[in-house]
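Read through the structure below, which is laid out as structure tokens, and then see the notes.
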Amino acid sequence: MNSSTSSGLSPVQQAGLIVLRTFIGWHFLYEGYFKLLLPAWAPDGTHLGPWSSGSYLNGSTGPVGHLLQALFNAGWGHTIDIAVITALCAIGLSLMLGVLTEWGCFGALAMLALFYVTALPLDGVPHPTMEGNYIIVNKNLIEAAAVVVLWSFRTGRIAGFDQLCSAWRKKLAPILVPEK
């Protein structure tokens, strides 16, 4: 990690941001991994087959939810499923490893925004297809706010492969581009 003088943050603040980035990355990666490798199960223990976004989209109430339902029903379901799984895994790895962290943050914000507008929590009553009871602010919105914090502090420059690559570039710059 960088020293507090170079980033303006104390080591504890830097560690806190990296832990937050790692936890959010883990959440994304595990969600993608789970959807990719593990089958779906009914509440009674019946095997339902591979994961599909179909059940989530059928229960969605937001304006984008209806559009995605129509795409899913028009035969794009498998493509949507693969895109969701791929994006979740890529974002998770980006944030956990600090690789292209700013892009990972943008991807996370895009996915969280999509999940939010797919199922807007506006009525405040429990829904069988959604966990928890929310009105306006739900876990997707809270996680999106945390991702904005990660992006605004440029956590890739604090720790991770982005920070290592930046240090290597600084060391190689005089060798690659000699001064005149």
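Every number in this text was worked out from the coordinates using simple rules, so none of it is lab data. Keep in mind that what you see is a predicted model, and the values were worked out from it rather than measured. Ideal geometry is used to build each Cβ from the backbone, glycine not excepted, and the neighbour counts take in all protein chains shown.
Here are the numbers for the structure shown:
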| quantity | calculated |
| --- | --- |
| Relative contact order of the range 26-160, defined on C-alpha pairs under 8 angstrom at six or more residues apart (%) | 25 |
| Label-point gap, in nm, between residue 55 and residue 38 - each point 7 angstrom along Cα→Cβ | 1.3 |
| Cα lying deepest toward the dipole's positive end in the range 9-176, options 85, 62, 38, charges on Cβ | 85 |
| Using θ = phi - 60° and Karplus 6.51 cos²θ - 1.76 cosθ + 1.60, couplings along the range 20-35 (whole Hz; Gly, Pro as x) | 4, 4, 5, 5, 5, x, 4, 4, 5, 4, 5, 4, x, 4, 4, 5 |
| Environment charge of residue 143, counting only residues whose C-beta is closer than 13 Å and scoring Lys/Arg +1, Asp/Glu -1 | +1 |
| Computed P(r) (all Cα pairs; the range 9-176; 5 Å bins; percent) | 1, 8, 14, 17, 17, 15, 10, 7, 4, 3, 2, 1, 0 |
| Nearest-20 debye value, the range 9-176 charge dipole, Cβ charges on Lys, Arg, Asp, Glu | 800 |
| Space enclosed by the convex hull of the alpha-carbon atoms of the range 55-116, per residue, Å³ | 77 |
